[in-house]
Each structure stands twice: as C-alpha cells, then as structure tokens.
C-alpha cells in the first residue's frame with residue numbers, strides 16, 4: 001500500500017470510529033485528497049440502510065456515480081441513496097422533511113456549504129425529525145468568510161486529525177504546481193497609466209528627476225511586454241517542460257458576462273502560441289440548461305494530438321472535478337475569499353498525479369492579503385467556548401432568520417449584533433485551534449514552483465516602487481547627518497533620543513522625504 005492509500009485508509013478508519021462513537025464526523029482534508037471517493041466508499045460498504053447525500057453541483061454527483069459504478073455507467077441513481085442539492089434542501093416543506101425521517105446517515109459533500117443561512121435552517125429542521133441519524137461531512141475549506149462555523153454548529157468539532165495541503169506537498173502525495181501570477185489586468189492602458197502615475201509619485205522626491213523618469217519609462221515598457229499572456233504561456237510551458245501536443249485547462253471567470261466577453265481573448269492567447277493546434281471550448285455553468293448539461297461532456301475530453309481543450313466556468317467547476325490529464329488552470333477570477341481561491345487551486349492538485357500542473361494566476365490572487373498565508377505566521381491561541389456560549393451563538397444565528405407576519409426580516413438589536421460578532425470571532429479561533437494553527441489549505445512559499453515570469457514581474461514593481469523608497473530613505477538619513485544628526489552610536493534608542501532643542505531629530509527629514517522613521521532606520525540597518 002503506497003503512502004496516499006495509507007493516509008486515506010487511516011482517515012477512513014478515523015471516520016468510522018467517530019461515527020460509531022459520536023454519530024457525527026467532519027473530514028477536513030486538503031483539496032485533491034480524495035474526499036468524495038471516501039464518502040462513496042461509505043455508500044459502497046452498505047453500512048447504512050438509507051442515505052441522504054447533499055452535494056453542491058452536478059459535477060460532484062457525477063463523481064460519486066463514477067466512483068460507485070465506474071466510468072460511463074449511464075446510471076443516475078444508487079439504490080439506498082437520495083441525492084439532493086443544497087439548494088433543494090433549502091426548499092423542503094414539512095411533509096418532505098417528514099418523508100426523510102427514516103434516513104440513518106446524512107452525507108454533506110463540501111460541508112462548508114452548510115453555513116449558508118437558508119441551508120442551516122433546512123438541515124436544522126431535518127435533524128430535528130432525525131434525532132438518531134448520523135452526520136458525515138467533508139471539506140477542504142471549513143473557514144467561511146461570514147465567520148459562521150458550521151463545523152462547530154453541526155459537527156460539534158468532531159473532526160479528523162490535522163493534515164494540510166502543506167503536509168501533502170511535503171509527503172509528495174500531491175505534486176507542487178508551477179505557479180505563475182501575472183497581473184494580466186496591467187496590460188489594460190488605463191491600468192498601465194495608473195501604475196505609471198503611482199510609480200512617478202513614488203519617485204517624486206528623487207534628486208535626479210531625469211533618472212527617475214527614465215527608470216519608470218523603462219520599467220513600464222517591460223511590464224507592457226510581459227503582460228502579453230501569449231508570451232507568459234509560451235515561456236511558462238517551456239520552463240515547466242510540459243508536453244504540449246495535447247493540453248487541457250479549466251478557466252475560471254468572474255461571472256457569465258465576463259466569460260462571454262473574455263473567452264475569445266483566452267482562446268486567442270493559445271491560438272497565438274499554438275497556431276497549428278485545434279482549440280476546443282466547453283462552457284460549464286448554470287447559465288443555461290445546455291451549459292449545465294455540459295458536465296456530461298467533461299469525461300469525453302481526452303487525448304488528441306495537436307489539440308487544446310479549454311473548459312470555461314464561473315460557478316460549477318470549483319469543486320469535485322479531478323482529472324488525470326489536466327494541464328492546468330487559469331484564474332481569471334479575482335477573489336479575496338480563501339474558500340474560492342482554495343477551490344480553484346484544488347482543480348490543479350490531485351493525489352496520484354505524476355507530473356506537476358500549471359497555475360496561471362492571471363489576476364494575482366495569491367498576493368491578496370486574505371488569501372496568502374506565510375510560513376511562520378503567528379496565530380494567537382484562544383480559549384474554547386463554553387456549552388452556554390455555544391448555545392447562545394446558535395440561538396443568535398437562528399434569530400437572524402426571523403421574519404414578522406408579513407415576511408419581513410426582523411433585524412437583531414445592536415447589542416445582539418455585537419454579541420454575535422464577538423462569539424463568531426471566538427468560535428472561529430477555536431476552529432483554528434481544532435484544525436491546527438494554520439488552515440487546511442495554507443500555502444507556503446516552499447509549496448509552489450514559481451516561474452520566471454513571476455519573479456520578473458515582482459522585480460519590476462520593486463524597481464518602480466521599492467528602489468525609489470530606498471533612495472528616499474537614504475536621502476533623509478544623509479540630510480539629517482548633514483544638519484548635525486549624530487549616528488556615532490547605531491542603536492534606535494540613541495538615534496530616536498536626539499530631540500530638539502539640544503539635538504537634531506531625525507523625524508523632520510523623514511517627513512520631508514515622505515518616508516517613515518522606521519523605514520529609514522530599517523534601510524540603514526539600525527537595530
């Protein structure tokens with residue numbers, strides 16, 4: 001048994017033990033670990049008489065059916081399983097809920113979806129009439145942006161042992177992807193003009209104005225050149241030494257309008273690099289029945305020489321779709337949501353892959369502050385909530401759904417809102433402790449094979465912004481020394497202790513150069 005199979009087997013045994021002991025379990029494992037296959041195994045082993053399987057999209061259901069029957073079975077049901085989307089769960093009436101009273105296991109695939117207001121209500125009602133049913137969930141992204149902690153509410157923090165995406169990279173059960181963050185938006189003339197303006201402001205206090213102008217102009221020409229995605233794609237594929245005869249990509253767009261506006265642009269990038277290739281496009285979204293039903297076409301996309309398959313999506317392919325011959329993904333959807341980012345990234349990660357895949361992060365999601373977790377980031381430990389606090393939290397969450405006789409939502413009071421926010425923060429911190437001091441999908445710098453383009457682009461920005469700031473810091477320092485500043489003792493305490501009228505302070509010279517005192521001291525290596 002190889003390492004990934006051992007890890008899956010160990011996790012599966014944890015699940016069985018928790019279900020037997022507590023009647024509930026949440027499988028927290030990174031993207032690409034094989035969670036849906038594990039959930040299907042529960043079904044195959046017939047451990048339960050009647051199962052309700054909650055899923056977010058047709059892609060996920062198709063994967064369950066494939067794991068159960070094999071590929072291209074043509075079957076749409078499993079004997080003892082009721083498949084239900086989360087949307088359908090929110091629309092159940094009292095009679096329909098009663099009809100599900102004999103379900104002895106509820107499986108929640110992508111169980112972070114349970115935190116949505118209407119979904120929480122639906123499951124709460126369902127569990128009220130199924131007091132003995134077991135509950136099994138799986139997700140790679142338990143932390144929701146709205147701070148609702150579905151793991152605590154429904155699973156009482158009964159979760160599998162900690163195993164992160166970083167662990168999977170270190171154990172080599174998932175291949176590190178080639179990661180290229182591009183900032184493609186900077187090729188837009190208006191965006192380039194803004195970057196140039198910002199860069200000129202950063203160089204405003206440079207003594208040699210002609211040098212500053214030449215520096216900015218040179219860097220902007222390089223940025224404009226590198227922002228051409230045709231160049232980026234060609235160079236990255238060369239660096240990754242990828243086989244290019246057949247390629248397959250998932251392209252994530254912001255919304256339907258963005259997809260239809262930009263799809264020809266994306267196709268044009270690949271056509272420019274591979275003019276002799278046949279380029280096929282498949283739209284998989286919920287916009288129309290045709291696009292929705294294209295999920296059935298996904299498994300038909302297979303190797304053909306001199307062919308590129310582009311799968312366009314914005315709302316249906318962010319979870320549950322893993323294929324062996326995927327070349328990579330293109331993130332054309334900007335997001336500050338760790339959940340959305342992790343799910344997009346997850347399409348390029350899968351246990352058992354032999355070769356790394358490529359991530360073209362066109363909008364530079366990786367460096368949005370709320371997404372990128374750095375190695376060694378400090379997380380403060382916090383105490384657990386008491387049972388009374390947990391009950392108060394659940395009651396306040398339920399209160400947010402209250403409506404008057406006319407169906408108008410009844411808002412929480414100011415004090416209730418304050419208390420809900422306070423408890424939400426506490427419970428989220430407790431969840432952080434439960435999962436470990438970093439999230440399940442935390443990305444470290446060592447987890448990515450960064451491409452040449454990434455380094456070049458970052459270097460360009462550094463030269464238009466960081467270098468001028470460095471120069472201004474040194475100008476402030478030198479000007480201070482010229483006017484009588486004393487740096488004979490190179491400590492912060494000594495230098496900051498020089499104050500008027502008996503000495504020359506540093507801060508006025510920093511202000512003149514529009515840099516902070518701390519930045520100047522750091523630049524000059526003052527400890």
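Taken together, the values in this text are just the output of simple stated rules run on the coordinates, not laboratory data. Computed from a predicted structure; not experimentally measured. Virtual Cβ from ideal backbone geometry, glycine too; neighbours counted across all protein chains shown.
The label point for residue 494 and the one for residue 296, both projected 7 Å from the Cα toward the Cβ, are 8.0 nm apart. Between residue 79 and residue 10, the C-beta separation translates, for a Förster distance of 30 Å, into a calculated FRET efficiency of about 0.55. Going 7 Å from the Cα of residue 20 in the Cα-to-Cβ direction, what parts of the stretch 40-72 have a backbone nitrogen less than 16 Å from that spot? Under 16 Å, as judged by backbone N against the label point of residue 20, lie 42, 45-48 of the stretch 40-72. Ranked by how many other Cβ atoms sit within 10 Å of their own Cβ, fewest first, the residues 117, 335 fall in the order 117, 335. Annotation for residue 482 and residue 422: the two label points, set 7 Å from Cα along the Cα-Cβ direction, are 5.6 nm apart. Look at 104, 109 and count the other Cβ atoms within 10 Å of each Cβ; fewest to most, that gives 104, 109. Where both bridge residues fall in the stretch 3-163, DSSP classifies roughly 5% of the beta bridges as antiparallel.
Sorted fewest first by neighbouring Cβ atoms within 10 angstrom, 84, 317 come out as 84, 317. The Stokes-Einstein estimate for the stretch 466-523, based on a Kirkwood radius over Cα pairs and taken at 4 °C with 1.567 mPa s viscosity, is a diffusion coefficient of 115 µm²/s. Of the three principal axes defined by the Cα atoms of the stretch 3-163, the extents in descending order read 46, 38, 29 Å. Using alpha carbons only, how many angstrom separate the centre of the stretch 234-301 from the centre of the stretch 20-61? Cα centres, the stretch 234-301 to the stretch 20-61: 30 Å. Descending by average beta-carbon neighbour count within 10 Å, the peptides 283-296, 86-99 line up as 283-296, 86-99, the highest first.
Compared with the alpha-carbon gap, the fully stretched path from residue 47 to residue 2 is longer by 13.6 nm at 0.36 nm per residue. Compared with the direct C-alpha span, the chain from residue 355 to residue 242 gains 39.8 nm at full extension, assuming 0.36 nm per residue.
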